[in-house]
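Report on the following structure.
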Amino acid sequence: MSDHEQQQSVPRRGKVLEALPRAERKVFTRPAPKSAKAQVKFLLTRAKGSTKALAERLGVSRRAVERYRAGTLTTPQKRLQAALVEETESEWQPQVRAQAREQAATSSGMMVEVTAYFGFTCTGSSDDGRERSITTAISPTYAKQILELQEAGATEEDLHPIVTEAITESYFTEWGTRAAGLRADFTHVSQIEFRF
C-alpha cells in the first residue's frame with residue numbers, strides 16, 4: 001500500500017473546537033517549526049523517537065516518517081501537511097499554553113468574536129432571531145467551564161450551550177443588569193474566534 005493510500009481524511013471538527021486551539025497558538029512566544037523535516041524531528045522528540053508511533057499518529061508509513069526526517073522527502077501532500085502543522089502546534093510550548101489557559105480561567109477570562117444566527121426566548125417580547133456579529137468578553141467562570149469541557153473531550157454540541165450562555169450573560173443581559181430571563185441560542189456559526 002502506498003503512502004498516499006494509507007493517508008486517511010482528517011475528520012472536520014466544529015468551529016468552536018477549531019477556534020480554541022487557534023487562540024492558544026496566538027500566545028506562542030516563538031514560532032513553531034515550519035518545514036516538514038523540522039516538524040517531523042520535533043514530533044519524534046515528543047514521541048520519544050518512535051517512528052512507528054509518529055507514523056500511526058500522522059496516518060503514514062514508518063518509511064515516510066524516516067524519509068521526512070532524513071530530508072529526502074520535503075513536500076508533503078495537503079492532508080499530511082495539515083496533520084504535521086496540527087500535531088506540531090498542539091505539542092508546541094505546552095507551558096505557555098497552560099499559563100494562558102490558567103490565566104483565562106482564573107482572572108482575565110477570554111474575548112469571543114462570533115458571527116452566528118442568534119434566537120431568543122424570554123418572558124415578554126424579544127427581538128426576532130437573526131444573524132449577528134458579536135464581540136464580547138467572557139468571564140473567567142465561563143472560560144474555565146469551556147476550557148475544562150474542551151480538555152474532557154467535549155463535542156461541538158456540548159460546547160455550544162456554555163458558549164451561548166457566556167455570550168448571553170456578557171452581551172445580551174450585560175452581566176445581569178437587564179433583560180432578566182433572556183435565553184439565547186446560536187446556530188449556523190459562520191465564524192468564531194477566541195482571544196486569551
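So that you can scan it fast, the table gives a plain yes or no per residue for (1) at pLDDT below 95; (2) under 23 Å from Gly181 (Cα atoms); (3) open to solvent by less than 70 Å² (accessible area, probe 1.4 Å):
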site	(1), (2), (3)
Gly109	yes, no, yes
Val112	no, yes, yes
Gly119	yes, yes, yes
Gly124	yes, yes, no
Gly129	yes, yes, yes
Arg132	yes, yes, yes
Asp158	yes, yes, no
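Condition check ((1) open to solvent by 30 Å² or more (accessible area, probe 1.4 Å); (2) under 29 Å from Ala154 (Cα atoms); (3) assigned to a helix (DSSP H, G or I); (4) touching a residue at least 12 places away in the same chain (Cβ under 8 Å)) across all residues:
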position	(1), (2), (3), (4)
Lys34	yes, no, no, no
Gln39	no, yes, yes, yes
Leu43	no, yes, yes, yes
Ala55	no, yes, yes, no
Ala64	no, no, yes, yes
Leu84	no, yes, yes, yes
Thr88	no, yes, yes, yes
Ala105	no, yes, yes, yes
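What is the number of the single condition among (1) open to solvent by less than 40 Å² (accessible area, probe 1.4 Å); (2) more than 25 Å from Leu147 (Cβ to Cβ); (3) in a helix (DSSP H, G or I); (4) not β-branched (Val, Ile, Thr) that Arg97 does not meet?
(2)
Is it the case that Gln150 is touching a helix residue (DSSP H, G or I) at 6+ places or on another chain (Cβ under 8 Å) and in a helix (DSSP H, G or I)?
Judged against the criteria, Gln150 is a match.
The values are calculated or read from the model by the stated rules, or taken from the named source; none is laboratory data. Everything numeric here is computed off the predicted structure, so don't read it as measured data. Don't worry about glycine lacking a Cβ; one is built from the backbone with ideal geometry, like all the others, and counts go over all protein chains shown. Just the protein is used for accessible areas: all its heavy atoms, side chains included, with ligands, DNA and RNA removed. Shrake-Rupley method; radii C 1.70, N 1.55, O 1.52, S 1.80 Å.
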